[in-house]
Amino acid sequence: MTMNDPEARYDELLELAYACVLERSTWSDLLGRVSEACGRQRGILLMWDAQQPYAQIALFHQNEASAAEAYSRHFYRLDPTGPAMEHRDRGVWYHDYLELGPERMSRSPYYQEFKRPHGMRGVSCLKLQHDENHSAYLSLLTNQDARDPHADQQRMLDRITPHLVRAAQMANVVEGLKLQLQTRQLLQEQHATPLWLVNGEGRVLFCNTAAEQRLGEPGSPLRQRNDRLSLNLPGMELLTLMRQACGRAGPARPAWMRLPGAEPVQLLVTPVKAEARFNLIHQQPLALVALLDARPRAALLAELFQFTPAENRLAELMVRGQSPEECARRLGVSINTVRSQLRALFAKTGTQKQAELVGMLARLG
C-alpha cells in the first residue's frame with residue numbers, strides 16, 4: 001500500500017481517527033498524518049475551559065514550544081480565530097485565508113508580530129466538541145514558506161472531517177464513562193455503609209471495604225460463600241429479595257428486611273438497571289445490598305444514594321406526608337423544581353412511584 005494512493009491515505013486516516021476513541025495517545029500520530037495528507041505542516045489539538053482566558057494546547061505536531069509560550073503569554077489576546085470560532089457549529093472549518101483575506105492578515109499585528117516570526121502563515125480550525133464549560137478544537141497550520149494546499153488535499157480534509165468530529169465525540173463519551181465508573185467505585189469504596197453489588201442469583205460482583213470488614217466480624221448477619229451472599233439467620237431468605245430487585249419475578253422493585261438483634265439493623269436491596277452508568281461492565285440488571293445501622297436518615301440518604309442537600313430536604317418532607325405542592329410551598333421553590341428533584345429521587349433509589357419512594361424512605365428511619 002502506498003501513501004501516494006488517496007484511498008490508501010484516507011483509509012489510514014480513518015483507522016487512526018477511530019483508534020483515538022480508545023487510545024488517547026493516538027491523537028498525536030493523527031495530528032501529523034492529517035497535517036501531511038491535507039497540505040499543512042503543523043497540527044495542534046486545543047482544549048478550552050470556561051475558567052481560562054484562552055484555549056490550552058493539549059497536543060501539537062511540528063510546533064515550537066517557544067511559539068506556544070508566546071501565544072499564552074500575550075498573543076492570545078490578538079488572535080482573531082477565537083471570536084470566529086465562538087458561534088461556529090461543530091464540524092465547520094474556519095480558514096483564515098478565506099475569511100480574513102491576505103490584506104487584513106498583512107495588516108494584523110497578530111500575523112505580523114507573532115505568526116510571521118514563528119514561521120507560520122495561515123490556520124484552518126475545526127470545532128470538535130462544545131458545551132458551556134469545555135470545548136475542543138483541532139488546528140492545522142501552514143508554514144510561511146509552504147505552498148497552499150491543492151484541491152486534492154482540500155478534498156481529503158473535507159472527506160475526513162465528519163470522522164474527526166465523530167471520533168472526538170466518541171472519545172469524550174468513553175472518557176466520561178470511564179470517569180463516572182471510577183468515581184462511582186471510589187464512592188462505594190469510601191462508604192461507611194457495607195455495600196454489595198449482586199446479580200439475581202446472589203453472586204457478589206463487587207463489595208466495598210466496609211462490607212468486607214462486616215463479613216469478618218463475629219456474629220455478622222451476612223455471609224459470603226462461593227461468591228454468593230446469604231443470611232446467617234435461620235428462617236430468613238435474602239435470595240428472594242435480590243431476585244425481586246433484579247426483576248426476576250416481575251418489575252424490578254426495592255425491598256427491605258429488619259434483622260433481629262440488640263441494635264436496630266435493616267437490610268435494603270435496591271435495583272440497579274442494566275443501563276446504569278456505573279453498571280457498564282456487567283450490562284445486566286443487578287441489585288445493591290446495603291446493611292443499614294441507626295444513623296440519622298439525612299446522613300444515611302446522602303451517603304447511600306448520593307442525594308443532594310435539596311433532594312434530602314424534599315425527601316424528609318415527603319416522609320412526613322407532604323404532597324409535592326406542599327413541599328414546593330415549604331421549600332420556596334416552583335412545583336417544576338420539586339418534580340425535577342422527585343425524578344432524581346426515583347432514579348437514585350430505583351423506585352418508580354411516589355408511594356414506593358416514601359415507603360422506602362420511611363423504613364430508613
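The values are calculated or read from the model by the stated rules, or taken from the named source; none is laboratory data. These numbers come from a predicted model, not from an experiment. Cβ atoms come from the backbone with ideal geometry, glycine included; neighbour counts cover every protein chain shown. In case anyone asks, the SASA skips ligands and DNA or RNA and just uses the protein heavy atoms, side chains included. Shrake-Rupley method; radii C 1.70, N 1.55, O 1.52, S 1.80 Å.
The table for this structure:
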read-out	value
Residue list for the stretch 105-128, filter: of a type in the set (Lys, Arg) and either modelled with pLDDT of 95 or more or touching a helix residue (DSSP H, G or I) at 6+ places or on another chain (Cβ under 9 Å) (or both)	LYS115, ARG121, LYS127
Criterion (at positive phi, surrounded by 15 or more Cβ atoms within 10 Å (Cβ to Cβ) and modelled with pLDDT of 80 or more) met by exactly one of GLY247, GLY219, GLY200	GLY247
Considering residues of the stretch 1-29 that are closer than 18 Å to ALA136 by Cβ and free of Cβ contacts under 8 Å to residues at least 24 places away in the same chain only, the residue farthest from the chain's Cα centre (by Cα)	ASP29
So GLU7, is it modelled with pLDDT of 90 or more and among the acidic types (Asp, Glu)	yes
Given (1) of a type outside the set (S, T, N, Q); (2) touching a residue at least 12 places away in the same chain (Cβ under 8 Å); (3) out of contact with any strand residue (DSSP E or B) (no Cβ under 8 Å at 6 or more places or on another chain), index of the condition PRO117 fails	(2)
Within the stretch 146-172, considering residues that are within 24 Å of the chain's Cα centre (by Cα) and open to solvent by 40 Å² or more (accessible area, probe 1.4 Å), the one modelled with the highest pLDDT	PRO162
Residue that is most open to solvent (accessible area, probe 1.4 Å) [pool: residues in the stretch 224-237 that are within 35 Å of the chain's Cα centre (by Cα) and free of Cβ contacts under 8 Å to residues at least 40 places away in the same chain]	ASN226
Meets criteria (aliphatic (A, V, I, L, M), under 21 Å from ALA58 (Cα atoms) and touching a Cys at 6+ places or on another chain (Cβ under 7 Å)) for LEU30	yes
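Each row is one residue, and each column tells you yes or no for (1) modelled with pLDDT under 85; (2) outside any helix (DSSP H, G or I); (3) among the basic types (Lys, Arg); (4) open to solvent by less than 60 Å² (accessible area, probe 1.4 Å).
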{"site": "TRP256", "(1), (2), (3), (4)": "yes, yes, no, no"}
{"site": "THR270", "(1), (2), (3), (4)": "yes, yes, no, yes"}
{"site": "ALA298", "(1), (2), (3), (4)": "yes, no, no, yes"}
{"site": "PHE307", "(1), (2), (3), (4)": "yes, yes, no, yes"}
{"site": "ARG313", "(1), (2), (3), (4)": "no, no, yes, no"}
{"site": "GLN352", "(1), (2), (3), (4)": "yes, yes, no, no"}
{"site": "MET360", "(1), (2), (3), (4)": "yes, no, no, yes"}
{"site": "GLY365", "(1), (2), (3), (4)": "yes, yes, no, no"}
